[in-house]
Amino acid sequence: MSTAASSAHASAGITVRDVTKVFYRGKEPLTVLDKLNLEVTPGQFVALMGPSGSGKSTLLNLIAGLDRPSQGSVQVGQSSVSNMADSELAKWRSQNVGFIFQTYNLMPVLTALENVELPLLLTKLSGAERKKRAQTALRVVGLEDRSTHYPRQLSGGQEQRVAIARAIVNDPSLIVADEPTGDLDRQSADDILTLLTKLNTDFGKTIVMVTHDPAAAERANVTRRLNKGQLS
Amino acid sequence: MIPLRYNARSLVRRRTTTIAAALGMALVVFVLAASLMLSSGIKKTLTQSGRPNVAIVLRKGSDAELASGVEKAHVALVSAREEVARDGSGAPLSVGEVVVVITQEKIDGNGISNLSIRGVPENVYAFRPTVKVTEGRPARPGTDEVVVGKRARGRFKGVDLNKAFELKKNLPVQVVGVFEDDGSSYESEVWGDLETVRRGFGREDGVSSVRVQLTSPEKMDAFKTAIEGDKQLQLEVFPETTYFEKMSEGTSAFVNGLGITIAVFFSIGAMIGALITMYASVAQRRKEIGTLRALGFSRSSILFSFLMESLMLAVAGGVLGVLAALGLGFVKFSMMNFASWAEVTFSFNPTPEILVFAVVFGGIMGVIGGFFPAVRAARVPPIAAMRGA
């Protein structure tokens with residue numbers, strides 16, 4: 001990862017316009033998001049809150065390019081995410097989005113360093129350069145000395161920090177976090193939130209975070225609440 | 001590209017299912033390699049004693065020595081040809097031999113089997129210099145003494161050094177020596193005195209075959225033309241190498257065919273094993289695959305990665321199967337040679353080509369068996385990375 005001063009990617013703004021997402025249970029349509037609009041300015045740290053089933057994770061998936069809206073458009077930076085083909089979208093995600101999952105989603109058979117290095121395998125960087133960048137990212141999250149450890153040898157908090165290192169190693173303009181503290185104790189959760197805040201303030205990353213935790217939401221610049229597919 | 005160590009370690013992580021599937025592959029590769037090794041061993045055993053400058057003369061229309069008969073007078077005529085080499089004393093380098101098959105009780109109590117008896121003349125050791133009596137001594141001409149081949153020894157009742165058995169009722173013979181011939185099919189025979197065998201089996205009027213050593217392999221065509229051109233003789237000439245190849249064809253093809261058929265049937269089972277293992281693996285790793293997709297890895301790189309994993313599984317099984325098959329190098333295998341109707345003992349002959357082919361066959365099975373699970377993996381959407389997806 002580059003340092004804040006030399007960040008390769010500018011922060012991305014997000015424009016979600018008239019987005020509807022309909023899932024089908026059998027033949028029965030289920031509208032999860034209903035003509036939703038959201039504006040996130042570059043460098044903003046936004047928390048999405050709301051009861052279960054309110055559509056916050058669905059919205060996060062659409063912003064991150066993991067899914068497509070049934071109607072409406074999603075624009076991240078200069079990219080119209082909702083109009084991209086599968087392969088194009090995969091490439092876009094690899095270059096522009098860092099993912100942080102509730103259950104960390106590390107590859108259990110890879111070491112911390114190898115996990116962090118994964119997104120760099122999609123670049124043309126040399127092996128040595130990939131390793132160097134992965135080590136830098138681990139240093140940013142304070143886990144440089146755990147690089148050869150496998151996920152099972154790490155605590156939950158450490159696993160999430162490795163996941164954050166993986167999310168930032170490509171220097172993406174946008175970080176999406178889905179309940180990043182949901183599986184952690186208070187202390188580890190606070191450490192993770194501090195790290196996210198640092199990524200936002202020091203490195204200028206735009207962050208969209210889904211959370212149930214009011215303490216987590218407090219760290220964000222803006223908190224938006226969803227209810228029945230609508231932002232309030 | 002997803003690193004191969006991810007696949008290798010994933011296989012190790014699911015070691016129980018990996019071992020079960022790899023053992024299935026190993027079994028197929030073992031069966032395939034073993035049958036090919038045996039077929040190759042049969043060919044080697046039956047053909048290695050053939051020399052290019054030796055011609056074998058049989059009665060016209062006979063495929064093998066057992067079915068052939070050459071009159072005594074014709075033996076001398078054949079041996080007198082100018083193409084035939086001579087020893088220091090000017091005598092032609094030729095042997096007229098009688099070959100018969102007897103049934104003899106096996107020593108392991110597994111019933112009876114056919115044993116090949118060859119009545120040989122005195123100069124047989126000079127004619128076949130690779131044959132060496134390694135224990136005891138050669139049989140004395142004109143006696144009821146016999147020598148037994150190393151591979152026939154101890155397989156039948158009485159067919160062992162210093163023991164006796166009956167060539168036929170009231171024709172007992174004494175085993176006075178054991179001979180070796182670099183593992184050739186002669187080692188599965190019993191050699192007795194030509195006249196003794198002739199008398200015993202009512203073949204006084206001739207021999208089964210005549211072998212002659214020519215002055216050079218180039219004389220083969222001239223010798224063949226001369227002998228076969230004499231309509232009164234009614235004889236047929238084969239280069240010894242060709243004759244042995246023909247003798248091995250049926251048995252070798254049978255073993256090959258049987259082995260490959262069994263391997264193909266087994267391979268269907270092994271492929272299903274690999275298929276189930278990989279399907280289960282894909283189902284268990286849905287979230288991992290989704291995460292890789294979310295990080296930006298394409299469908300094709302996921303497909304390739306899982307095909308590689310299946311290939312690794314199969315190659316590991318294949319190497320295991322080949323190693324097990326290599327262990328058969330120490331095993332001797334006896335079976336009926338369909339051309340001579342006598343039991344011949346063979347070894348498994350591992351060649352690099354066979355071993356590589358067997359592993360490659362295993363690898364192909366792995367790729368075929370792993371294809372559909374790999375397609376399923378490639379279809380996992382990136383959203384599968386998210387909780388509850």
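The values are calculated or read from the model by the stated rules, or taken from the named source; none is laboratory data. Nothing here was measured: the structure is a model prediction, and the numbers come from that model. We place every Cβ from the backbone using ideal geometry, glycine too, and count neighbours over all the protein chains shown. We work out accessible area using only protein heavy atoms, side chains counted, and drop any ligands, DNA or RNA first. Shrake-Rupley method; radii C 1.70, N 1.55, O 1.52, S 1.80 Å.
Structural remarks
- Residue match in the stretch B:13-25 (condition: hydroxyl-bearing (Ser, Thr, Tyr), open to solvent by 20 Å² or more (accessible area, probe 1.4 Å), within 30 Å of B:Gly296 (Cβ to Cβ) and away from chain A (no Cβ under 14 Å)): yes
- Strands (runs of 3 or more DSSP E) wholly inside the stretch B:78-165 containing at least 2 residues that are open to solvent by less than 40 Å² (accessible area, probe 1.4 Å) and touching a residue at least 60 places away in the same chain (Cβ under 8 Å): B:94-105, B:112-120
- Within the stretch A:133-149, the set of residues being buried (at least 21 other Cβ atoms within 10 Å of the Cβ) and not in a helix (DSSP H, G or I) comprises A:Val141, A:Leu143.
- For the stretch B:290-340, the set of residues classified as free of Cβ contacts under 8 Å to residues at least 60 places away in the same chain, part of a helix (DSSP H, G or I) and within 14 Å of chain A (Cβ to nearest Cβ) consists of B:Leu295 only.
- Residue check: A:Ile175 meets all listed conditions (1) among the β-branched types (Val, Ile, Thr); (2) surrounded by 24 or more Cβ atoms within 10 Å (Cβ to Cβ); (3) out of contact with any Lys or Arg (no Cβ under 6 Å at 6 or more places or on another chain) but one, namely (3).
- Any hit, the stretch A:165-173, residues being over 22 Å from A:Gly204 (Cβ atoms) and either within 13 Å of another protein chain (Cβ to nearest Cβ) or among the aliphatic types (A, V, I, L, M) (or both): no
- Flag for B:Leu66 being open to solvent by 10 Å² or more (accessible area, probe 1.4 Å), modelled with pLDDT under 90 and more than 14 Å from every other protein chain (Cβ to nearest Cβ): yes
- Identity of the residue in the stretch A:118-127, in a helix (DSSP H, G or I) and touching a helix residue (DSSP H, G or I) at 6+ places or on another chain (Cβ under 8 Å), that ends up most open to solvent (accessible area, probe 1.4 Å): A:Leu122
- Pairs with Cβ under 8 Å, 6+ apart, first in the stretch A:29-44 and open to solvent by less than 40 Å² (accessible area, probe 1.4 Å), second in a strand (DSSP E or B) and of a type in the set (Phe, Trp, Tyr): A:Val32/A:Phe23
- Exactly one residue out of B:Asp181, B:Asp193, B:Asp160 is among the acidic types (Asp, Glu), farther than 26 Å from B:Glu71 by Cα and in contact with a strand residue (DSSP E or B) (Cβ under 7 Å, 6 or more places away or on another chain): that is B:Asp160.
- Hits in the stretch A:171-211 (condition: assigned to a loop (DSSP other than H, G, I, E, B) and touching a Gly at 6+ places or on another chain (Cβ under 7 Å)): A:Pro172, A:Ser173, A:Asp183, A:Leu184, A:Gly204
- Residues that are more than 28 Å from A:Leu118 (Cβ to Cβ), open to solvent by less than 50 Å² (accessible area, probe 1.4 Å), of a type outside the set (Gly, Ala, Ser) and at pLDDT 90 or above do not occur anywhere in the stretch B:247-267.
- Considered as a group, the residues in the stretch B:350-388 that are crowded, with 16+ Cβ neighbours inside 10 Å and part of a loop (DSSP other than H, G, I, E, B) include one that is farthest from the other protein chains (Cβ to nearest Cβ), and that residue is B:Pro350.
- Summed over the stretch A:45-79, the residues that are of a type in the set (Gly, Ala, Ser) and either within 17 Å of A:Val97 (Cα to Cα) or surrounded by 23 or more Cβ atoms within 10 Å (Cβ to Cβ) (or both) give a count of 7.
- Selection count where residues are assigned to a helix (DSSP H, G or I), more than 24 Å from A:Ile63 (Cα to Cα) and at the interface with chain B (Cβ under 9 Å from one of its Cβ atoms), scope the stretch A:74-116: 1
- Top-ranked residue in the stretch B:32-55 [being over 14 Å from B:Ser248 (Cβ atoms) and surrounded by fewer than 23 Cβ atoms within 10 Å (Cβ to Cβ); ranked as farthest from the other protein chains (Cβ to nearest Cβ)]: B:Asn53
- Residue under evaluation A:Asp178, criteria (1) under 28 Å from A:Leu59 (Cα atoms); (2) touching a Ser or Thr at 6+ places or on another chain (Cβ under 7 Å); (3) away from chain B (no Cβ under 14 Å), criterion not met: (3)
- A single member of A:Arg161, A:Arg152, A:Arg130 is open to solvent by 10 Å² or more (accessible area, probe 1.4 Å) and either touching a helix residue (DSSP H, G or I) at 6+ places or on another chain (Cβ under 6 Å) or within 8 Å of chain B (Cβ to nearest Cβ) (or both), and it is A:Arg130.
- Residue, modelled with the lowest pLDDT, within the stretch A:5-28, restricted to residues that are surrounded by 14 or more Cβ atoms within 10 Å (Cβ to Cβ) and farther than 25 Å from A:Gln230 by Cβ: A:Ser7
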